C-alpha cells in the first residue's frame, strides 16, 4: 500500500524539480486604458466622445431640465390626485412659479448640464494633448467636443442666466466667493457664439453613418 502511494508522490516531486521555472512575471493587462494604448483609431475617438453625448439624456428624461422647462411654463401641468404626483410639492411649485432653490428638479437640471460640461472639458484636455504632439486626426474631434460644450453652456445660460464659465479641466483653484461663480449672461452668450464660429469649419461634414446623432457641419 505504501509503495502505491509513494509512486505518484515521487512523480509529482520529479516534475516540480525538472520543470523549467517561470521567471518573467510581467503580465499584459488588457483592462488598463492609458494615453499610450488609446486614441489610436477613429472608433476609439468616437467611443470616448460618447461619454459627453450620454449626458444629453437629460433632454428627454423626467425630473431634470426638460421637466423644469415645461412645468415652469404654460406648456405642461402635472395635476395631483390626492397624494399622487404631488412629490413633496416640487412639481406644482414649478408650475406655480413658487419653487425654491432647493427644488430637486432644479438641482438635477444644474447637475446634468455641468456634468456634460465637465466631461467635455476632460475630453478636450485629453485630445488637445494629442493635437499638440502632432495628431492631426484629433483636431476635428476637439472641435466637435468644443461645439457640444457650447451647447451645454447655451442650455445653462437659458435655464440659469449667470453661471460659472469653466473651460480648464486642470484648474485646481476654483473661486470660493459666490459672486466669482457668476460669469454673466453676456459673457456666456459671447463664449457660445465665439466657440461655434471658431470650430464650425473644422467639423465633419459627413451625414449619417458614424456621424449620426453627432454635431456636424451642414451647408445652409
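Structure notes:
- Entry note, region 67-220: relative contact order of 18 percent, from Cα contacts under 8 Å with a spacing of 6+ residues.
- Length gained when the stretch residue 87-residue 136 is fully extended (0.36 nm per residue, less Cα-Cα span): 12.5 nm
- Likely footprinting exposure, 85, 155, 66, fewest C-beta neighbours within 10 Å first: 85, 66, 155
- Reference-scaled alpha-carbon Rg (2.2 N^0.38 Å with N residues) for region 71-220: 1.29
- Spin-label pair residue 190/residue 102, simplified geometry with 7 Å Cα→Cβ offset, distance in nm: 3.7
- Stretching the chain fully between residue 57 and residue 160 yields a gain of 35.2 nm (0.36 nm per residue, less the alpha carbon separation).
- Förster radius 22 Å - calculated FRET efficiency between residue 168 and residue 111, Cβ distance, rounded to 0.05: 0.65
Where a number appears in this text, it was derived from the coordinates with a stated rule and is not lab data. Everything numeric in this text was worked out from a predicted model, so none of it was measured. A quick note on method: Cβ atoms are made from the backbone with ideal geometry, for glycine too, and the neighbour counts reach across all protein chains shown.
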